[in-house]
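Trainee: Could you have a look at this structure, given as structure tokens, before my questions?
Every number in this text was worked out from the coordinates using simple rules, so none of it is lab data. Owing to the predicted nature of the structure, the values given are computational and were not obtained by experimental measurement. All Cβ positions, glycine included, derive from the backbone under ideal geometry; neighbour counts span all protein chains shown.
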Amino acid sequence: MSTSKIFRDDVLKNKVAFVTGGGSGICRGMTEAMIRHGAKAVITSRSQERLDKAAEEMRKQTGGEILAIAADVRKPEEIINAVEKAIERFGKIDILVNGAAGNFLAPVETLSYRGFRTVIEIDLLGTYNTTKACFPYLKKSRGCVINVSAILHYQSTIYQSHVSAAKAGIDALSRNLAAEWGPHSIRVNSIAPGIIAETEGLAKLLPSAAAGSVTGSIPLQRMGTISDIEQATIFLASDAASFITGQIIVVDGGESLMRVGVLPYPESVIDPTNFSTKKLGVKL
Ligand code: COA
Ligand code: NAP
């Protein structure tokens, strides 16, 4: 359901949102929703071309103001530059969404040292780099941070050690910053999506062979949608959440309540050096 049917159109009027990963998938949805409710947005990711296309489409959809700046969250100097450009254009940042992430299925036995590090660098260090770069402006605006986490690490998810470790780190960072920055009136919360349909994350991680059987093990009997995450975003970014900080809002239809994981052990687990995502039916 569109956020427009639930929240007031001007609930984020005059707010400026800075969104990493805002050119695609879930974070593009979060961006577009915030714009629909009155915010201006800055979107960043590595590909300027992808960002420009997304910004143009969102302008057409919403008539909103969007600045697209390429920056790799692993590189503090690029993120600092993007934040400075955002300030030049809009003069402030009220809402930071840390959504940039990387992922792939890989057993630790065959995952390279650099492969593990890459995901930690994008997800966890990227969140730290961007949040630190935005801090002076969030302090001025008494703003808020929304980190995009996951539910993978609540129990265990095979072939997802890298992302599980990164998202667990993000959850810890969120709580710490909520406590440290509370006296500045900065709220820091996370949204932990479950399986979200029509996203890159789903395409990469959920074997198509298993996709059909997944919904039955989700208590609410469906996958999530990007608009489910948009609704949580508007709530957390708005004054409706003005006394909520350090929390993780799990938007997963109850999936994390269930004990059985969705990924089966493939034959190749006996010989992980022979691991192939094809055996899981995953198209990469
Ligand atoms: N399986 C195992 N290892 C992999 C891998 C895979 N499918 N894909 C990448 N790696 C490893 C590489 O082998 C490399 O390590 P090595 O040098 O020791 O071989 C390391 O990860 C870095 O790969 P590289 O392609 O240089 O990284 P990148 O910075 O260009 O890309 C990724 C980052 C790999 C995370 C890429 O998937 C990406 O850009 N993802 C963004 C989109 C996405 O993942 N969305 C889903 C979000 S949930
Ligand atoms: P997505 O569209 O691939 O989003 C990831 C974004 O991160 C892309 O826009 C990508 O753009 C950007 N990015 C990647 N590496 C970057 C880097 N080094 N610096 C800056 N930007 C970078 O995937 P999605 O599925 O919508 O996922 C969005 C978020 O939701 C992620 O945090 C993910 O972990 C989380 N999540 C998703 C699901 C799901 O079911 N899809 C479930 C739980 C959690 P560029 O390629 O242009 O850099």
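Trainee: State whether segment 62-148 is rounded, prolate or oblate according to the following rule on the C-alpha gyration tensor (a ≥ b ≥ c being the square roots of its eigenvalues): a/c under 1.5 gives rounded; otherwise a/b larger than b/c gives prolate, and the remaining case gives oblate.
Mentor: prolate
Trainee: Let me spell out the model: positive unit charges on the Cβ of Lys and Arg, negative unit charges on the Cβ of Asp and Glu, origin at the Cα centre of segment 6-116. What dipole size does that give, in debye rounded to 20?
Mentor: In total the dipole reaches around 160 debye.
Trainee: Still on this structure: What net charge is computed for the residues neighbouring residue 250, neighbours being all others with C-beta under 15 Å from the C-beta of residue 250, Lys and Arg scored +1, Asp and Glu -1?
Mentor: Cβ neighbours under 15 Å give a net charge of -2.
Trainee: Could you compute the net charge surrounding residue 38? Neighbours are other residues with a C-beta less than 12 Å from the C-beta of residue 38; K and R count +1, D and E count -1. Kindly include the intermediate steps, with their values, before the conclusion.
Mentor: Working: positive: 8, 13, 15, 36, 40; negative: 9, 10, 65, 94.
Surrounding charge for residue 38 is +1.
Trainee: Restricted to Cα positions, what overall size does segment 1-62 have along the principal axes? Three whole-Å values, descending.
Mentor: In descending order, the Cα extents are 33, 22, 19 Å.
Trainee: Quick one: what Rg and Dmax do you get for segment 98-180 from the alpha carbons, in Å?
Mentor: According to the Cα coordinates of segment 98-180, Rg and Dmax are 13.9, 47 Å.
Trainee: While we're on this one: Based on the Cβ-Cβ distance from residue 61 to residue 168, what FRET efficiency comes out when R0 is 35 Å, to the nearest 0.05?
Mentor: The value I calculate is 0.50.
Trainee: From the C-alpha gyration tensor of segment 166-249, pull out the three semi-axes of the equivalent ellipsoid (sqrt of 5λ each), sorted largest to smallest, in whole Å.
Mentor: Whole-Å semi-axes of the equivalent ellipsoid: 30, 15, 10.
Trainee: With unit charges on the beta carbon (Lys/Arg positive, Asp/Glu negative), name the residue among 103, 126, 202 whose Cα is farthest towards the positive pole of the charge dipole of segment 7-280.
Mentor: It is 126.
Trainee: Sticking with this structure for a sec: Express in % the proportion of alpha carbon pairs of segment 19-92 at distances exceeding 20 Å.
Mentor: Details: 594 of 2701 pairs.
Looking at segment 19-92, the distances longer than 20 Å represent 22 percent of pairs.
Trainee: Taking only DSSP H segments of four or more residues, each worth -39500 (n - 2.57), what value at 222 nm results for the chain once the sum is divided by all its residues, to the nearest 500 deg cm²/dmol?
Mentor: -12000 deg cm²/dmol
Trainee: Same structure, new question: If I model a spin label as a point 7 Å beyond the Cα along the Cα-Cβ vector, how far apart are those points for residue 48 and residue 180 in nm?
Mentor: Here the modelled spin labels are 3.3 nm apart.
Trainee: By the scheme Lys and Arg +1, Asp and Glu -1, what is the net charge of all other residues having a beta-carbon under 14 Å from that of residue 182?
Mentor: +3
Trainee: Quick check for me: using +1 on Lys/Arg Cβ and -1 on Asp/Glu Cβ, what's the dipole size of the chain about its Cα centre, in debye to the nearest 20?
Mentor: Once rounded to the nearest 20, the dipole reads 360 debye.
Trainee: Residue 247 versus residue 203, label points 7 Å from Cα toward the beta carbon: distance in nm?
Mentor: Calculated label separation equals 3.4 nm.
Trainee: Once R0 is set to 30 Å, what does the formula 1/(1 + (r/R0)^6) return for the Cβ-Cβ distance between residue 80 and residue 227, expressed as a FRET efficiency to the nearest 0.05?
Mentor: Using R0 = 30 Å, I get an efficiency of 0.35.
Trainee: Moving on to the next point. Kirkwood hydrodynamic radius for the chain: how many Å is it when counted over pairs of different Cα atoms?
Mentor: By the Kirkwood definition, the hydrodynamic radius is 19.2 Å.
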